[in-house]
Amino acid sequence: MAHYVDGFVIPLPRKNVDDYRRGAQKAGKIWRAYGALEFRECVGDDLNIKMGKPFPRGIKTKPGETVLFSYIVFKSRAHRDRVNAKVMRDPRLAKLMKSPMPFDVKRMLYGGFKTIVEA
């Protein structure tokens, strides 16, 4: 069964990684409670690659920033839409969003993706 994935690439000041992790742990519980199959937040570890375009150059990180690669897995796009609608109405998420964000939201990359290979 092909799944649907929401993907994110986020430039994050290294000094804010722990704050981001704490908020993401709370957010992940909310998404999972409404049916998301997986919720992953990954911080850059090996970003100085020589082939292609490395994430830091692609998202134009500033000095002191790293890159987060995050994704949420759903059964389908329709399932994603239902889960996200519930998540967006959840007061716990509203409370999280009132806190200052540990990154520049305007620089976040986001998209929904149909899975074409699952191995």
Problem - Looking only at the stretch 25-55, and only at residues there that are assigned to a helix (DSSP H, G or I) and of a type in the set (Phe, Trp, Tyr), the one that is surrounded by the fewest Cβ atoms within 10 Å (Cβ to Cβ) - result: Phe55
Completion exercise
Pairs returned, first residue in the stretch 3-14 that is part of a strand (DSSP E or B), second residue that is of a type in the set (S, T, N, Q), beta-carbon separation under 6 angstrom, 6 or more apart or interchain, are Tyr4/Ser76; Phe8/Ser70; Pro11/Thr61; Leu12/Thr66
Completion exercise
Inside the stretch 34-59, the number of residues satisfying the requirement of being closer than 16 Å to Lys86 by Cα and touching an Asp or Glu at 6+ places or on another chain (Cβ under 8 Å) is 1
Practice task
Write out, first by first residue and then by second, each pair whose Cβ atoms fall under 8 Å of each other, whose residues are 6+ apart or on separate chains, and whose first residue, in the stretch 73-92, is closer than 10 Å to Leu37 by Cα while the second is outside any helix (DSSP H, G or I) and modelled with pLDDT under 95.
Solution key: Lys75/Met1
Exercise for the section: Would you please list the contacts, defined by Cβ atoms under 6 Å and residues six or more apart or on different chains, that run from a residue in the stretch 19-41 that is at positive phi to a residue that is of a type outside the set (Gly, Ala, Ser)? Expected result: Gly35/Val83
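The values are calculated or read from the model by the stated rules, or taken from the named source; none is laboratory data. All values derive from a computational prediction rather than experimental measurement. We place every Cβ from the backbone using ideal geometry, glycine too, and count neighbours over all the protein chains shown.
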